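Have a look at the structure below, then the notes.
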Amino acid sequence: MPVESGSAAARQAKQKRKSHSLSIRRTNSTEQERSGLQRDMLEGQESKLPLSVRSNLLDLFSQIEREFENIYVENLELRREIETLNDRLAADGQAFEGADLAKGALKTKASHSTSQLSQKLKTTYKASTSKIVSSFKATTSRAVCQLVKEYVGHRDGIWDLSVTRTQPMVLGTASADHSAMLWSIETGKCLLKYMGHQGSVNSIKFHPTEQMALTASGDQTAHIWRYMVQLPTPQPVADISQTPCEEDVDFSDKDEADNEVEGPIDCPSVRVATTTLRSHQGVVIAADWLVGGKQVVTASWDRAANLYDVETSELVHSLTGHDQELTHCCTHPTQRLVVTSSRDTTFRLWDFRDPSIHSVNVFQGHTDTVTSAVFTVGDNVVSGSDDRTVKVWDLKNMRSPIATIRTDSAVNRISVSVNQKIIALPHDNRQVRLFDMSGVRLARLPRSNRQGHRRMVCCSAWCEDNTSCNLFTCGFDRQAIGWNINIPALLQEK
């Protein structure tokens, strides 16, 4: 019986081998001699399997071994071919990692096979390169990101925040709960609450020299209102250990909505605006002061941006041209320039420096909604988009960006540090990352269930005149956070 069962098993193995052919070429006589020698050695070993079954198994394993040998030889040939092509590319002066993509030369000269080879090289050596980079990180100075203060009191998500440019220095937040709040930066106490809007307050900006605030709302209006606040006596700051950026990060969604405070806010309120700006036919999503503070610009979902005179509240210009809803607007700190961003994947630069000529330039470089575009002190514009990229542009050469930052999540309202020229990127995935103007990543703010944002981060704002907090962020977890960011000069130069 064992012999018959062995023969049946042998027949099944043969039939299975025939139905699932491996398409393997027969090798020379030396391989056959080696398989015969292995079969003789197998016969001398003790086993409960019949000899015919063992012989068929050995034959199958031999074929698998030859297939792996063929694959190994092909792999060696491919490696030699890659090295040859790589040397040829190096001789031609074409470098993929360090190439200036803005010039577009490689896109027109490089063939399809060359681009595929570049991708293979990047993928093949990605792991080893990451290890090398990690070893360098361990020996360099680390950026220190310290959570200093949390500003809690809104009953809905916070869309925007801003810091006053004059004394007393306070933090302003705009929320979907139809209110805007002014906060003491040092104590985290609410100083004033503006309740004049009938819809979500989408942005807040402060006058450059006077105690006035500009808010934009979903009620299709923008309000200008005055405030008077008295700062409370600062209390000793709790000893919060400095946390190196990117460490102690917990990406768990557990208890995401815990610790959300909805207690009553005991602070004075303002309900009447000094000036109400009307003329939009849709949600006013953002507003900002032009240099000097005599005019303001508003951006709306009606696809237009309006320029108003503050003293008369009259409409001076209506800036049209975007194909879809506007998402943001920003003014230059020293010149009469305005930049508007839109869901049509573009942002536009409006020039009001010459009263007789109002020129406009269109920036096309994103593939999804441009969520914000902001000026730097120099001649640069930084734009962020839902396509998960941030681009740095030179106003003198607007054809292509001078730097591109690629991320893993949509980017919301960004801000650029005036002194250090650091870009703060708030993301949909609750992260906040810091980059320099050349696109080099400097840090990621720590986030866990104990600290940081628990939902989408909507906006960031720098305040370098304050010693305790120099970066503020807000999100849809109903809180704003004040951070102390210390980026070593050595790290910024790299």
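The values are calculated or read from the model by the stated rules, or taken from the named source; none is laboratory data. Every value quoted in this text rests on a predicted model; they were computed, and no experiment measured them. Every residue, glycine as well, gets a Cβ built from its backbone with ideal geometry; the counts of neighbours run over all protein chains shown. Accessible surface is based on the protein model in full, side chains and every heavy atom, while ligands, DNA and RNA are left aside. Shrake-Rupley method; radii C 1.70, N 1.55, O 1.52, S 1.80 Å.
Worth a mention:
- Condition met for Ser417 (under 27 Å from Phe363 (Cβ atoms), buried (at least 19 other Cβ atoms within 10 Å of the Cβ) and at pLDDT 90 or above): yes
- Test for Asn361: is it assigned to a strand (DSSP E or B), over 30 Å from Thr276 (Cβ atoms), modelled with pLDDT under 95 and among the polar types (S, T, N, Q): yes
- Scanning segment 348-362 for residues that are out of contact with any His (no Cβ under 8 Å at 6 or more places or on another chain) and within 24 Å of Val283 (Cα to Cα) turns up Leu349, Val360, Val362.
- Criterion: of a type outside the set (A, V, I, L, M, F, W, C), in a loop (DSSP other than H, G, I, E, B) and touching a residue at least 40 places away in the same chain (Cβ under 8 Å) - qualifying residue of Thr215, Thr187: Thr187
- Every residue from segment 186-204 that is touching a Leu at 6+ places or on another chain (Cβ under 9 Å) and surrounded by 24 or more Cβ atoms within 10 Å (Cβ to Cβ): Tyr194, Ser203, Ile204
- Per the listing Val374, Val390, the residue uniquely surrounded by 19 or more Cβ atoms within 10 Å (Cβ to Cβ) and closer than 26 Å to Ser217 by Cβ is Val374.
- Applying the criterion of at least 1 residues that are acidic (Asp, Glu) and surrounded by 24 or more Cβ atoms within 10 Å (Cβ to Cβ) to the strands (runs of 3 or more DSSP E) found wholly in segment 441-485 leaves an empty list.
- Of the criteria (1) more than 17 Å from Asp288 (Cβ to Cβ); (2) of a type in the set (S, T, N, Q); (3) more than 24 Å from the chain's Cα centre (by Cα); (4) surrounded by 13 or more Cβ atoms within 10 Å (Cβ to Cβ), which one Ser356 fails: (4)
- Among the candidates Ser203, Ser184, residue that is hydroxyl-bearing (Ser, Thr, Tyr) and touching an Asp or Glu at 6+ places or on another chain (Cβ under 6 Å): Ser203
- Residues within segment 165-175 that are open to solvent by 10 Å² or more (accessible area, probe 1.4 Å) and under 19 Å from Cys267 (Cα atoms), tallied: 2
- Meets criteria (in contact (Cβ under 8 Å) with a residue 60 or more places away in the chain and either surrounded by fewer than 19 Cβ atoms within 10 Å (Cβ to Cβ) or over 15 Å from Thr215 (Cα atoms) (or both)) for Gly282: yes
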